[in-house]
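Reviewing the structure listed below.
The values are calculated or read from the model by the stated rules, or taken from the named source; none is laboratory data. Note that the structure is a prediction, hence the values are computed from the model and not measured. Here the Cβ is made from the backbone with ideal geometry for all residues, glycine too, and neighbour counts use every protein chain on show. Only protein heavy atoms, including side chains, enter the accessible area calculation; ligands, DNA and RNA are left aside. Shrake-Rupley method; radii C 1.70, N 1.55, O 1.52, S 1.80 Å.
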Amino acid sequence: MEKTLQILVIDDEAIAVKRLKAYLEKLNYLVEGYENPLDALQRIKEKDFDIVITDVRMNEIDGIEILSEVRAKSERTKVIMITGYAMMELARQAMEKGAYDFIAKPFKPEELLRVVLRAADTPGS
């Protein structure tokens with residue numbers, strides 16, 4: 001039997017975390033969501049996730065720092081970056097640092113699902 005994907009969602013907008021978490025849980029994924037990226041970083045140290053979905057622009061720390069922490073801990077975890085600031089330079093920087101993919105807000109849940117499914121089918125680095 002295929003194992004259930006474990007996904008971590010990080011966004012400093014509470015509504016974004018709530019919506020993404022609810023959408024992914026309906027698809028039977030195990031999802032944890034955090035509005036505070038510092039709390040999320042602590043959780044990343046405690047648990048391995050299959051996929052981390054993180055906003056790029058947050059107050060305490062940014063998504064690039066989250067990406068660096070995840071990559072340092074686990075090469076197999078895929079990191080999907082989401083942002084309302086669709087800047088090509090930021091996307092390039094995230095991809096160079098090991099992000100799996102980059103999605104600009106606003107996006108449809110189905111768009112995110114396509115990236116999640118592709119990430120789930122991609123073997124760890």
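Numbers below:
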{"quantity": "Only one of Phe49, Phe102 that is touching a strand residue (DSSP E or B) at 6+ places or on another chain (Cβ under 8 Å), of a type outside the set (Val, Ile, Thr) and part of a loop (DSSP other than H, G, I, E, B)", "calculated": "Phe49"}
{"quantity": "Number of the condition not met by Glu89 [criteria: (1) touching a strand residue (DSSP E or B) at 6+ places or on another chain (Cβ under 6 Å); (2) surrounded by fewer than 12 Cβ atoms within 10 Å (Cβ to Cβ)]", "calculated": "(1)"}
{"quantity": "Sole residue being more than 17 Å from Gln6 (Cβ to Cβ), of a type in the set (Lys, Arg) and outside any loop (DSSP other than H, G, I, E, B), chosen from Arg92, Arg43", "calculated": "Arg92"}
{"quantity": "Complete set of residues in segment 56-72 that are surrounded by fewer than 21 Cβ atoms within 10 Å (Cβ to Cβ), of a type in the set (Val, Ile, Thr) and not in a loop (DSSP other than H, G, I, E, B)", "calculated": "Ile64"}
{"quantity": "Some residue of segment 32-55 being within 12 Å of the chain's Cα centre (by Cα), open to solvent by less than 50 Å² (accessible area, probe 1.4 Å), charged (D, E, K, R) and modelled with pLDDT under 95", "calculated": "yes"}
{"quantity": "Matching option when the condition is surrounded by fewer than 16 Cβ atoms within 10 Å (Cβ to Cβ), over 18 Å from Glu35 (Cα atoms) and touching a residue at least 12 places away in the same chain (Cβ under 8 Å), among Arg76, Arg114", "calculated": "Arg76"}
{"quantity": "Pairs, first closer than 17 Å to Asp50 by Cα and in a loop (DSSP other than H, G, I, E, B) in segment 1-27, second open to solvent by less than 20 Å² (accessible area, probe 1.4 Å) and not basic (Lys, Arg), C-beta under 6 Å, six or more apart", "calculated": "Leu5/Asp50"}
